[in-house]
Amino acid sequence: MRRGALLGAAAAANAGVALGFASGNPAAAVFLALLPALLLLLGGLMSGHRAVLVFAALGLTFTGLPLLTEPLPLPGGTAVYATDVILLLAIGAWAADRLVNQQAPGTRPAGPLATTWPLLALALFIGLAVLRGHDRYGQGLFGQPLRIVLYAGIAVALVGVDARTMWRGISAVFYAGAVAQFLYALFYMATGSSQTDSLALSTGGMRILALGSAMYLVGSLVCALLNLERSADRFGRQVFHAVIAGLALFGIVVSFGRTTYAAVALIVPMLLVGRRALRRSLLWLIPLLLPVIVAAVLLAPLLDPTLGPTLTSRVGASPTTDLNVIWRERARDTALAGIDQHLLTGFGFGRPTRFLLFGRVEDVTGDPHNSYVYLLAGGGILALGSLLAVMLAYLIDVARRLRTAIGVEQTLLIWSLCTWFAFMVNAFYGPVLSDALFLMTIWILMVMPMCVPVRAGRPS
């Protein structure tokens, strides 16, 4: 009875809000009023299978389909992404499950630290920056900056999901993604085309796979290496995992993303230093696969003769003459011009800026290819500091669960940390926190520790 009354009150309140947002459009008002009931209905159908939504969100970029990675073709001025739909479905599924199933006292798992008080502070300061941007520059109230906070809600999709289930899904998604991106790369190399519109590199040559794909392929590479370690006594499986690692590494190379190169150059050695079983597996497996590796290196230039020279010039380019580096520096400096007068709260999101580069006017309104500068300019030290506090809470959460994690639980935490690190490194040189898909992935990684229980003491 009480649940019915709560649902009725929520529906009535939502109907009033809907009429306010859709005045003059009765059909839109009715749809918005019924939206909670629709989400609960769809959520009820997915109750108990919410993790599927997480795996779907992680696999969107791997598909390479614009319909799933770009704003959905819906009427109205607000951009809606597939990740927005996934979030709403996850909340609906969680709400439906809570209405039907009462949780016994004391069974609630320890939630992720990233969704505690630092998130509340981030929500407050992001919200204030959005309001300032709306008043000063006409920035929409419902846009990308709010997703920085709202996407934390994906945590409800992981309630009750154990580490083994999560790892199986991650392995399936990121292995299939590595194969799909490898096939995409072969196609683009054979046809002389590219996965991205920004195909021409500032150092010469052409980008084959998109930078976004490369970030997800870091997840595939780390996943394959960790599975290689877990299959130490099974030769066939080790070969399979090694092949997936090779496909992922090839995709990372042909994306020509130097920031991703740097992330991999830090992650892989750290894994090798910290994982003795992984070192042993690679030491005896690499010599066996050496002929295949040599053949691949020799055949790749035959498929695309520009591959070697492009890679060499990309790695060896001087920052002082690299057009992209110069553009990012100018964009960053322009975005922060005058920030000393608004250091605490920022300018507000949506501030238009422009600068002159080699006689050409460059307009920048959103992320100046540095997501930390984007947050600092929009919300000041308060917003950026809150984000850093959220990140610190995530690191502390991973550390406290690692102390007692066993088996696949430890594997899941390490994978989450390594993949998250790759995204956050790329945020220094690309629009990561202003991209809906990347942001959803980052939040999934930061709430993923909740799949590993916090135990008292250390495992024996």
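Quick note: the coordinates plus some simple rules give every number you see, no bench work behind them. Note that the structure is predicted; figures quoted are calculated from it, not measured. Note that we place each Cβ from the backbone using ideal geometry, even for glycine, and neighbour counts take in every protein chain shown.
Taking a ≥ b ≥ c as the square roots of the eigenvalues of the Cα gyration tensor, segment 82-221 is oblate, since a/c reaches 1.5 or more and a/b is not larger than b/c.
In percent, what relative contact order does segment 279-424 have, based on Cα pairs under 8 Å that are 6 or more apart in sequence?
On the way: 98 pairs, mean separation 23.2, N = 146.
Computed value for segment 279-424: 16 percent relative contact order.
Give, as a single signed number, the net charge of other residues whose beta carbon lies under 10 Å from the beta carbon of residue 277, with Lys and Arg counted +1 and Asp and Glu -1. It works out to a net charge of +4. Put a dot 7 Å past the Cα of residue 70, heading toward its Cβ, do the same for residue 262, and the two dots end up 3.0 nm apart. Near the amide H of residue 353, within less than 5 Å, lie the amide hydrogens of 364, 365, all on another chain or at least 5 residues away, with H placed in the peptide plane. Would you please state which residues of segment 349-374 a label at residue 395 would reach in this model, taking the label point 7 Å out along Cα→Cβ and a backbone N cut-off of under 20 Å? What the label zone holds, given the 20 Å backbone N cut-off, is 371-374.
Separation of segment 209-250 and segment 282-306, taken as the distance between their Cα centroids, equals 15 angstrom. Here the label points at residue 294 and residue 362, each 7 Å from Cα along the C-beta direction, are separated by 4.5 nm in the simple model. The residues neighbouring residue 254, those whose beta-carbon lies less than 14 Å from its own, together hold a net charge of +2 under the Lys/Arg +1, Asp/Glu -1 convention. Hey, how many Å between the Cα centroid of segment 384-423 and the Cα centroid of segment 321-379? Taking the Cα centre of segment 321-379 as reference, the centre of segment 384-423 is 30 Å away.
With the simple model of a label 7 Å out from the Cα in the direction of the Cβ, residue 454 to residue 341 spans 4.5 nm.
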